[in-house]
Amino acid sequence: MLTFILQLFFSFFLLLFPLIILSIFRSPKTSPNLPKSYPIIGHYFDLKANWNRRAQWISSILQNSPSATFTLFHPTGGRRIVTGNPANVQHILKTRFHNYQKGNDFRTILSDFLGNGIFNADGDTWKFQRQIASHEFNTKSLRKFIETVVDTELSRRLIPILSSAAKTREIIDFQDVLQRFMFDNICQIAFGYDPQYLLPSLPEEKFARAFEDGVRISSERFNSLLWKIRRFFNVGSERKLREAVAEVRDFAVKLVKEKKGELKTEKSIESVDLLSRFLSSGHSDEKFVTDIVISFIIAGRDTTSAALTWFFWVLSENPDAETEIINEITEKSETETPVFEEVRSMVYTHAALCESMRLYPPVPADTKFAEDDDVWPDGTAVKKGTAVTYHPFAMGRLAMLWGSDWAEYKPERWLRRDGDSGKWSFVGRDAYTYPVFQGGPRICLGKEMAFLQMKRVVAGVLSKFKVVPVMEPGVEPEFYSYLTAKMRGGFPVRIEERVM
């Protein structure tokens, strides 16, 4: 037995010896943006060294790649092709859409929390949900309901909390406040339920906390090789995830049952929230409607709050842009215009939001898996089963797409002056140069809703307050992401009353 153990040890040592030698005598790279791949271990060293700043690291790689495409080799033998090339992005999201799916690994990682919801589905399941949701999102009554929810939450909760913080000079975590604001909003839009998460006491609401834990731990699975073992033994983070999922789903199913009862007993009740709309259109399966609504809560809460958090920080660094927005808000507030028309005409604010999301997209990267062999427009060969990632964070930093001044925050790059009136008009970019809202068949259904919400928040906050970050001058918040982008450690700010 001892001999066998010694033989096993030496065999294991011989396998590791080349890796040990490489780690000791590894030659320095000529540039930190050009990682070197080694036999067996691939890009392990660079992946490990840049683990906590992966988005920035990938961005620097694509900036130095002639076609903005690069293949990462993993120690396990797998590979991932990362691209910021718009032609490749269009190929993935539109031209060969059916060849690039979320894949079994992705769906498995998120299935406990999202089930078969629209953002975790492929094929016919996704297509069916997309058709249902698309119909509902295109109704004027839903748009009106969203306007009412946002304006009510803004006037009754967000503005009073900021006003109180301004009076007391209290430092608040604006990232947390915006997440609470959006959670209340999206729960009302999705379920017709108000969790009252944004109250002056900033309460620890069980459903909201369980939802946050579910998103966070599910996201951490992407970076863990041991999560399946933890799930099997129901220990550590996986035990906490199971508890969070149970809390969220039990509560969601309870809401579904209550809503079905309301619709059955009060046939004249108006279907305003998404859940009521799905149930009223004949989709009564509780798991189906729960899955799809939970997916919309994730999308509506995390992406919009992330976009607003980074927007307010960027604006604090660019006072000229803030002045332009204030002028636009003042001008629009003096006209008697319906809410939707008012926010749609806020052209400079729209450009400012787009420019902020160019630099800090709410979803910095999105990965698909190739169903079959393929060749991309830039000549990259893709083998069946390969993970492919298009990278909005890196794309917003490519000089080939945005010019040598890509690092500057310039809302004007989205605008042009009309010759006669001298007013700004918006100049959009195609969905494959700017895939912040995806593109092709999966393009974001809630894009219009998100802009409406963001503009109302921007107008409501900036017309009354100045948001002042509490951090060292010249220090940029740390960008990181789970499923969506966040500021590590929150966004501490002081709120000051604005004198107009």
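The values are calculated or read from the model by the stated rules, or taken from the named source; none is laboratory data. Keep in mind the model is a prediction, meaning the values are calculated, not measured. Reconstructed Cβ throughout: ideal geometry from the backbone, glycine too, with neighbour counts over all protein chains shown. Ligands, DNA and RNA are stripped out before the accessible areas are found, and what is left, the full protein with its side chains, is counted by its heavy atoms. Shrake-Rupley method; radii C 1.70, N 1.55, O 1.52, S 1.80 Å.
Once the 1.4 Å probe is applied to the protein heavy atoms, the chain comes out at 47 Å² accessible per residue. Under the simplified labelling scheme, the residue 375-residue 206 pair shows an inter-label distance of 6.0 nm, with each label point 7 Å from Cα along Cα→Cβ. For chymotrypsin sites (Phe, Trp or Tyr not before Pro), no site in the stretch 37-116 is both called loop by DSSP and has at most 12 other Cβ atoms within 10 Å. Charging the Cβ of each Asp and Glu at -1 and of each Lys and Arg at +1, and nothing else, the dipole of the stretch 216-297 about its Cα centre rounds to 420 debye. Computed from Cα positions, the angle between helix 2-25 and the longest principal axis of the chain comes to roughly 60 degrees. Placing +1 on the Cβ of every Lys and Arg and -1 on the Cβ of every Asp and Glu, with no other charges, gives the chain a dipole of roughly 1400 debye about its Cα centre.
Partners of residue 423 within straight-line reach, counting lysines whose Cα lies under 16 Å from its Cα and excluding those fewer than 8 residues away in the same chain: 332. The apolar share of the surface of the stretch 414-476, taken as the fraction of accessible area on carbon and sulfur atoms (1.4 Å probe, ligands and nucleic acids excluded), comes to 52 percent.
Alpha carbon centre of the stretch 91-118 versus the stretch 209-227: separation in Å? Centre-to-centre distance over Cα atoms comes out at 17 Å. Cross-link reach is defined here as a Cα-Cα straight distance under 14 Å, omitting same-chain residues fewer than 8 places apart; for residue 287 the aspartates and glutamates meeting it are 112, 250.
Computed from the coordinates I sent, Cα extents along the principal axes in Å equals one of [x] 65, 58, 49; [y] 84, 58, 49; [z] 68, 65, 43. Tell me the label. The calculated read-out lines up with [y]. Simple rule: put +1 on each Lys or Arg Cβ and -1 on each Asp or Glu Cβ in the chain, find the dipole, and look at 391, 40, 354; the Cα lying farthest toward the positive end is 40.
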